[in-house]
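The values are calculated or read from the model by the stated rules, or taken from the named source; none is laboratory data. Remember, predicted model here, so these are calculated numbers, not experimental data. FYI the Cβ positions are ideal-geometry reconstructions off the backbone, even for glycines, and counts take in every protein chain you see. With ligands, DNA and RNA removed, areas are computed over all heavy atoms of the protein, side chains included. Shrake-Rupley method; radii C 1.70, N 1.55, O 1.52, S 1.80 Å.
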Amino acid sequence: MAPLDIESVLLIIGILLLTTVLAGSLSSRFGLPALIGFLGLGMLAGVDGPGAIVFSDFSLAQSVGTASLIFILFSGGLDTAWQDVRRVAAPALMLATLGVFVSAGIVAGSAILLIGAAPLEAALLGAIIASTDAAAVFAILRSTGLDLHGDVPALIEVESGSNDPMAIFLVGAVLLFIAAPDASPLALVPEFAVQMVMGAIVGVVVGYAMVGLLKRGGYRQGGLAFVISIATALIAFGLAQILSGNGFLAAYLAGLVAGNQRYAAKRTVSTFQDGMAWLAQVAMFLTLGLLVTPSELAPVIFPGIIMTVVLMFIARPVSVFLCLAPFRRFGWRSKLFVSWAGLRGAVPIVLATFPMVAGVPGAFTIFNIVFFVVLLSSIIQGPTINWLARKLDIAGHDRRVAEREARASPADAAARPEQAARQP
């Protein structure tokens, strides 16, 4: 087959992006997370679908996923209020570190006992699917307008935005043990501490630098302010990585710092970065969908179902109830909801490309299991989040409904309570 010219490539990319958005919107209409539509379109465009696009470059997919996560985390930080972070910093940190470790351990042990995985392969699988996905959680909570009582929404968002570093560290540690079985686990503890501290320092410094540049440069709106925000996300990640820090944590904290300062272009930059985050999600899920060959998922259906059940009903709840036990303000209802809202999304799939790129034996099976777990988790948990919140009585009035009622006359609002409650 002759290579396509640049015009045809750009046309195909444009069509894929547009149809992916439409697919995401369609899946949302049926109560499913948009990522299902994004991934589904990617699979339809792939080698087993009518698109018949052959794509098997795991290294490129990993690069696309990494770049996309930078902007997703940066945008998530921009939209997170510092007062929320301050209230839930301790429990969120517990979930983002100990919680990820506990989930990974339970999944790994279950993989050894239930599907006969080798110890290191099981540890790799557990580490890959242990963290919740920021893109999936941000999208679900913000697109539905679900208003939750207390600190629950802040806890979920801060955890999902800050637990990727721990998962990435665990995946890297297991890959190290596979390559060098004699390596000492204790030797990795200082490395993890350096990654977290340096990532935090770089993120805070770069975030303040962005705000200072926007203020002193007079970039009031649009144009160059957008360019500066893109540069900030990339610099935070790249500089942290070069300095042995965690780039994803740096990108999130840079956005968090910048989003909680005052400057003229703040609203336009936040809106622009929200668009960048959605573009990143579309590109990432589309790429990952293209990477999957649906006909090769059949052998992993049974182990995938087992791992999904373990993750949703054992590993995640145990880690949440354990980590939140010292925090009395979170009752059993809140803990149960936080357990169920731990969606898996693109991050585990991106992490599953690491062993593929490293050439680890059995990596292809792990990748397919992870992909199946993410699909099943999203299909089951995504559409039921609102329902569970109401059943547990932790959901308040929908924000968007409240705004519409506030603009309407009291008589009109009182006359249409049931109609308003059904508004999307």
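Summary table below
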{"quantity": "Residue among Phe321, Phe327, Phe285 that is at negative phi and touching a Pro at 6+ places or on another chain (Cβ under 6 Å)", "calculated": "Phe327"}
{"quantity": "Condition broken by Lys335, with the remaining ones in (1) touching a Phe, Trp or Tyr at 6+ places or on another chain (Cβ under 8 Å); (2) closer than 15 Å to Val374 by Cβ; (3) open to solvent by 10 Å² or more (accessible area, probe 1.4 Å) satisfied", "calculated": "(2)"}
{"quantity": "Options Val300, Val320; residue that is of a type in the set (A, V, I, L, M, F, W, C), open to solvent by less than 70 Å² (accessible area, probe 1.4 Å), in contact with a Ser or Thr (Cβ under 7 Å, 6 or more places away or on another chain) and more than 30 Å from Val204 (Cα to Cα)", "calculated": "Val300"}
{"quantity": "Arg329 touching a residue at least 60 places away in the same chain (Cβ under 8 Å), more than 21 Å from the chain's Cα centre (by Cα) and open to solvent by 10 Å² or more (accessible area, probe 1.4 Å)", "calculated": "yes"}
{"quantity": "Filter pass, Leu311 being closer than 18 Å to Phe74 by Cα and at pLDDT 90 or above", "calculated": "no"}
{"quantity": "Filtered residue count, region 80-91, keeping only those that are farther than 10 Å from Gly161 by Cβ and in contact with an Asp or Glu (Cβ under 7 Å, 6 or more places away or on another chain)", "calculated": "2"}
{"quantity": "Those residues of region 46-60 which are modelled with pLDDT under 80 and open to solvent by less than 80 Å² (accessible area, probe 1.4 Å), in sequence order", "calculated": "Gly46, Val47, Asp48, Gly49, Gly51, Ala52, Ile53, Phe55"}
{"quantity": "Single residue of region 180-200 satisfying the filter (buried (at least 16 other Cβ atoms within 10 Å of the Cβ) and of a type outside the set (Phe, Trp, Tyr)) that is farthest from Asn163 (Cα to Cα)", "calculated": "Leu188"}
{"quantity": "Output for region 163-207, where each listed residue is farther than 23 Å from Ala96 by Cβ and in contact with a helix residue (DSSP H, G or I) (Cβ under 7 Å, 6 or more places away or on another chain)", "calculated": "Ile178, Ala183"}
{"quantity": "Qualifying positions in region 311-340 - of a type in the set (Phe, Trp, Tyr), part of a helix (DSSP H, G or I) and in contact with a Leu (Cβ under 7 Å, 6 or more places away or on another chain)", "calculated": "Phe337, Trp340"}
{"quantity": "Which listed residue is of a type in the set (A, V, I, L, M), in a loop (DSSP other than H, G, I, E, B) and crowded, with 20+ Cβ neighbours inside 10 Å, from Leu375, Leu351, Leu343", "calculated": "Leu343"}
{"quantity": "Hey, Thr308 over 22 Å from Ala92 (Cα atoms) and either outside any helix (DSSP H, G or I) or open to solvent by less than 20 Å² (accessible area, probe 1.4 Å) (or both) or not", "calculated": "yes"}
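Every residue, every condition in (1) more than 18 Å from the chain's Cα centre (by Cα); (2) open to solvent by 50 Å² or more (accessible area, probe 1.4 Å); (3) not small (Gly, Ala, Ser), yes or no:
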| residue | (1), (2), (3) |
| --- | --- |
| Leu16 | yes, no, yes |
| Gly76 | no, no, no |
| Asp79 | no, yes, yes |
| Gly105 | yes, no, no |
| Ala111 | yes, no, no |
| Gly116 | yes, yes, no |
